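Read the structure below first, then the notes.
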Amino acid sequence: MLDMMAHEVRQPLNNASAALQSATALLAARGEIEASEQLRRTQAVLGTVLNDVSNTLAAIMLLAGAGDAELADTDLEMVVQIAIGEMPTVERGRIGVQRRTSLRTVWVDPALTRLALRNLLANALAFSPPDAPVLLVLSDVEEPAAWFIDVIDRGPGFAAELLPRLFQRGARGTHGGPAGRSSHGLGLFIVRRAMELQGGQALPLANSASGSTLRLQVNASGAAD
């Protein structure tokens, strides 16, 4: 049923997003800037809807125990690029990547890692000021062997009362992003569960009025150069 819902609900939304992208490009080529900008904003809203649908389905699967990890030697670059590619087209240019590691592959569940990273990126983009950059930093340490993905934004940070329960299911709080947008309490819970299922963790590294940093951490044993 979940597979059927995923296909029947997401496919029409994906088709609509592709149609909007084509129309936006056509209007921009004709010099109709105002109309193309309106379509870009519409596409961004549709991207948020798609992310919410995907998160709802993912949460159901994880809570039902259908998300058991399948660890494999996974291409790090592939996971990063797929996660970035799942962001709305108009937002991808805001994402920068820094590589501070020589690791090319890591021993993780690629689907769960992509799911966790996708949610961190979506969160950073949504709650940062418009056009503000989001930085994704890849790094590792040898003792104890571990691999990290840090997602750094320039938003106003999380409310202090939300931090202790940031990754808990149903944790809701008003992030200081655009128009004081309120979270649904699913995205960061999914991040935590996706990492726990493969023996990793998600944690906040920094939080201030000038930005926040959230980290994905996995055991690097079994990784290859």
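Laid out as a table, the results:
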read-out: From the options Phe158, Phe148, residue that is out of contact with any Gly (no Cβ under 6 Å at 6 or more places or on another chain) and modelled with pLDDT of 90 or more; value: Phe148
read-out: Pair list, Cβ < 6 Å and 6+ apart or interchain, from region 9-27 residues that are on the phi > 0 side of the Ramachandran plot and free of Cβ contacts under 8 Å to residues at least 24 places away in the same chain to residues that are exposed (fewer than 12 other Cβ atoms within 10 Å of the Cβ) and of a type in the set (A, V, I, L, M); value: none
read-out: Residues satisfying the stated conditions in region 83-110, i.e. in a helix (DSSP H, G or I) and buried (at least 16 other Cβ atoms within 10 Å of the Cβ); value: Ala83, Ile84, Thr89, Val90, Glu91, Arg94, Pro110
read-out: Complete set of residues in region 186-201 that are farther than 16 Å from Ala69 by Cα and not in a loop (DSSP other than H, G, I, E, B); value: Gly187, Leu188, Phe189
read-out: Output for region 69-82, where each listed residue is of a type outside the set (Gly, Ala, Ser) and either part of a loop (DSSP other than H, G, I, E, B) or within 26 Å of Pro130 (Cα to Cα) (or both); value: Glu70, Leu71, Val79, Val80, Gln81, Ile82
read-out: Filter result for Thr113 (assigned by TED's automatic domain parsing to the domain that holds Thr213, among the polar types (S, T, N, Q) and at pLDDT below 85); value: no
read-out: Enumeration of residues in region 18-35 that are surrounded by fewer than 18 Cβ atoms within 10 Å (Cβ to Cβ) and assigned to a helix (DSSP H, G or I); value: Ala18, Ala19, Gln21, Ser22, Ala23, Ala25, Leu26, Ala28, Ala29, Ile33, Glu34, Ala35
read-out: Residues that are under 20 Å from Leu188 (Cβ atoms) and more than 12 Å from the chain's Cα centre (by Cα), drawn from region 95-126; value: Val108, Asp109, Ala111
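The values are calculated or read from the model by the stated rules, or taken from the named source; none is laboratory data. Treat the numbers as computed from the prediction; the structure is a model and nothing was measured. Note that each Cβ is placed from the backbone with ideal geometry, even for glycine, and that neighbours are counted across all protein chains shown.
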